[in-house]
Ligand SMILES: Nc1ncnc2c1ncn2[C@@H]1O[C@H](COP(=O)(O)OP(=O)(O)OP(=O)(O)O)[C@@H](O)[C@H]1O
Ligand SMILES: [Mg+2]
């Protein structure tokens with residue numbers, strides 16, 4: 001569904017010198033599959049999603065999305081708050097659904113249905129500035145899901161959430177994925193989450209980011225209630241990925257050279 005071929009991107013740094021952020025990044029994501037992206041902070045994950053979404057141009061290489069998903073069919077949950085500040089939570093979702101050609105009644109119904117799914121039914125009339133950072137992310141997630149997008153690009157959608165809320169929303173994302181079979185690219189710093197949710201995990205190196213490894217998750221079976229269970233059964237894989245990510249930055253190792261990271265990067 002998504003094919004990323006030899007993508008490279010360079011930005012000017014603070015002094016105007018070129019800094020290569022992505023260097024020859026290639027991978028593909030099968031239609032209907034769930035693919036996580038892990039990589040050290042600042043390596044270029046958000047830049048990569050923006051290139052896939054078509055809002056940033058690569059310097060080299062190309063991105064192809066099979067069967068052009070059409071307007072409104074590519075959902076993007078941005079890492080930063082992306083809600084319209086002058087609209088309530090419900091209106092932020094409702095307005096995004098206009099492109100689908102739904103009636104106002106259907107749009108309002110969907111907005112409330114998905115706000116309820118993300119646990120914000122009673123916050124429908126709140127403006128973004130009246131919501132916490134985690135709540136704003138949930139509205140953004142509800143909006144992307146309500147749009148019924150064939151391709152979902154999720155940039156750390158569950159960052160800043162407490163453990164229980166995060167688990168509930170992981171289950172919701174899995175259930176909706178099982179139901180609608182969207183193609184999902186999911187950026188996270190949480191290795192367990194990546195391995196629990198995904199068919200495939202792409203591990204990027206530090207800047208300039210290249211594909212360090214692609215893990216085909218052997219146990220992927222979200223219908224069986226995956227939360228935390230399978231990564232614990234395969235601790236070697238979790239440790240291997242941790243080592244790989246820790247290698248990118250000496251500061252993540254303790255005095256004995258062991259990775260300092262526990263559970264997530
Ligand atoms: N428009 C821009 N102009 C200049 N530099 C940029 C621009 N956008 C991103 N960068 C740089 O590109 C690098 C990668 O940024 P990006 O946001 O893609 O990282 P990331 O992997 O998503 O990090 P994090 O995990 O912290 O979200 C950073 O060094 C950042 O400063
Ligand atoms: Mg980012």
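No lab work stands behind these numbers, since they all come straight from the coordinates. As the structure is a computational prediction, the values presented were derived from the model and not from experiment. A quick note on method: Cβ atoms are made from the backbone with ideal geometry, for glycine too, and the neighbour counts reach across all protein chains shown.
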| query | How much length, in nm to one decimal, is gained on full extension between residue 175 and residue 20, taken as 0.36 nm per residue of separation minus their Cα-Cα distance? | reply | 52.0 nm
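Cut-off is 10 Å between beta-carbons; in what order do 45, 166 appear when sorted fewest neighbours first?
Working: 45 25, 166 18.
Fewest-to-most ranking of 45, 166: 166, 45.
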| message | If neighbour count is taken as other Cβ atoms inside 10 Å, put 123, 11 in order from fewest to most. | response | 11, 123
| task | Quote the FRET efficiency, to the nearest 0.05, computed for residue 62 versus residue 213 with a Förster distance R0 of 22 Å and r equal to the Cβ-Cβ distance. | result | 0.45
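Can you tell me what percent of all Cα-Cα pairs in the range 80-149 are more than 20 Å apart? Present the calculation step by step, with values, prior to reporting the outcome.
Values: 374 of 2415 pairs.
When all Cα pairs of the range 80-149 are counted, 15 percent exceed 20 Å.
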| request: Give the order of 43, 236 when sorted by the count of other beta carbons within 10 angstrom, beginning with the fewest. | output: 236, 43
| task | Note down the Stokes-Einstein diffusion coefficient of the range 1-68 in µm²/s, whole number, using a Kirkwood radius over alpha carbon pairs, 20 °C, and 1.002 mPa s. | result | 169
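Above 21 angstrom, tally the Cα pairs of the range 116-196 and express them as a % of all pairs, no decimals.
Within the range 116-196, distances greater than 21 Å cover 25 percent of Cα pairs.
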| Taking the alpha-carbon centroid of each part, what is the distance from the range 1-78 to the range 113-178 in angstrom? | 23
| query | Once you put a point 7 Å from the Cα of residue 129 and another 7 Å from the Cα of residue 13, both along the Cβ direction, what distance in nm separates them? | reply | 3.7
| remark: Taking a ≥ b ≥ c as the square roots of the Cα gyration tensor eigenvalues, with a/c under 1.5 meaning rounded and otherwise prolate when a/b beats b/c or oblate if not, the range 1-146 comes out prolate
